[in-house]
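See below for the structure under consideration.
The values are calculated or read from the model by the stated rules, or taken from the named source; none is laboratory data. From a predicted model like this one, the values you see are computed outputs, not experimental measurements. Counting neighbours? That spans all protein chains shown, and the Cβs are built from the backbone with ideal geometry, glycine included. Heads up: the accessible areas ignore ligands, DNA and RNA and are worked out on the full protein's heavy atoms, side chains in. Shrake-Rupley method; radii C 1.70, N 1.55, O 1.52, S 1.80 Å.
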Amino acid sequence: GRLGLLAFFFALVTGVPLGVLSALKQNSLLDYVSLLISTVGVAVPTFVTGLLALIVFGTTLKWISISSNDWNTFTPYIAPGLVLGLASMSFITRITRTTLLEVKRQDYIRTARAKGLNERMVILRHMMRNSLIPIVTIIGPGLVDLITGSVITETIFSIPGIGNFFVTSLFQRDYSMIMGTTLVYATLIIFVNILVDLSYGLLDPRIRA
């Protein structure tokens, strides 16, 4: 849970601003760098980036321990959190960029600028708000995926998380643990999907009506 939340926070606070800047600065150097990072993040598997992080931050720079960590503290979760959140961050960046580029070409954006609104107001009140529904749609399931799908990352970094316990219970045929974990995962998915559906009404008055 702690690892998934950290990965989700990293993916959200990095992916959305990077996608926004990429869309506003289309065909610039920033846009190309953003597309390169997001493409690599989606294409490279988690076990590859996890092993590279261990080599670079654990063996070369010695910023993290590769043998034992105190998982009751926050610091050991930083590297695996970044590794786990990289793919989601890349996906959020691409979706945000694509959605904003589509909204940016709409007639009401040109009308808002023609009315004399400053660019920040146009971006925040008109472009961003009307772009949030596709972004929220992928963020909801993405949060559940990060919380429940951290098995590989937990195995690489030897994190005693729920994903690691779930895999261990499968090998040991601990059916009580398997059913309990599955129930927790299912409850999380249902709860997050309900929150996503409720957020649609807050973002778009037409849905609320």
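To one decimal place, what Kirkwood hydrodynamic radius in Å is obtained for the chain from all pairs of distinct Cα atoms?
Details: mean 1/r = 0.0526 Å⁻¹.
After inverting the pairwise mean of 1/r, the radius is 19.0 Å.
Which whole-number percentage describes the relative contact order of segment 44-108, with Cα contacts under 8 Å and a sequence gap of 6 or more? List each step's numbers first, then the result.
Working: 24 pairs, mean separation 17.4, N = 65.
Reported relative contact order: 27 percent.
What residues qualify as long-range amide H neighbours of I64, i.e. H under 5 Å apart, gap of 5 or more or another chain, H built at 1.01 Å from N?
Amide H to amide H, under 5 Å and 5 or more residues apart or across chains, I64 pairs with G58.
222 nm [θ] for the chain, helices only, -39500 (n - 2.57) per DSSP H run of 4+, per residue, to 500? Mind dumping the intermediate values first?
Numbers: 10 runs with 151 residues, N = 209.
Theoretical 222 nm ellipticity from helices: -23500 deg cm²/dmol.
For a quick check of your reading of the filter: which trypsin sites (Lys or Arg not before Pro) in segment 95-179 sit in a DSSP loop and have no more than 11 other Cβ atoms within 10 Å? Don't skip to the answer; put the middle values down first.
Numbers: sites: R97, K104, R105, R110, R113, K115, R120, R125, R129, R173; in loops: R105, K115, R173.
Counting only loop positions with at most 11 other Cβ atoms within 10 Å, the trypsin sites (Lys or Arg not before Pro) in segment 95-179 are R105, K115, R173.
Any idea of the accessible area per residue across the chain, 1.4 Å probe, to the nearest Å²?
Values: 12230 Å² over 209 residues.
Heavy-atom SASA per residue in the chain reads 59 Å².
Applying the Karplus parametrisation 6.51 cos²θ - 1.76 cosθ + 1.60 with θ = phi - 60° to the phi angles of segment 113-122, what ³J(HN,Hα) value in whole Hz is obtained for each residue in order, glycine and proline being reported as x?
5, 5, 6, x, 5, 6, 5, 5, 5, 4
Determine the share of the chain's accessible area contributed by carbon and sulfur atoms, expressed in whole percent, with a 1.4 angstrom probe. Please report the intermediate quantities before stating the final value.
Details: 8350 of 12230 Å².
Taking all protein chains in place, the chain shows 68 percent carbon and sulfur surface.
In nm, to one decimal, how far is the I207 label point from the N118 one, both placed 7 Å along Cα→Cβ?
Computed distance between label sites I207 and N118 equals 3.0 nm.
Could you state the angle between the C-alpha long axis of helix 29-43 and the longest principal axis of the C-alpha atoms of the chain, as a value from 0 to 90 degrees rounded to the nearest 10?
40 degrees
So what is the relative contact order of the chain, in percent, for Cα pairs below 8 Å that sit 6 or more residues apart?
Values: 221 pairs, mean separation 56.6, N = 209.
Contact order relative to length: 27 percent.
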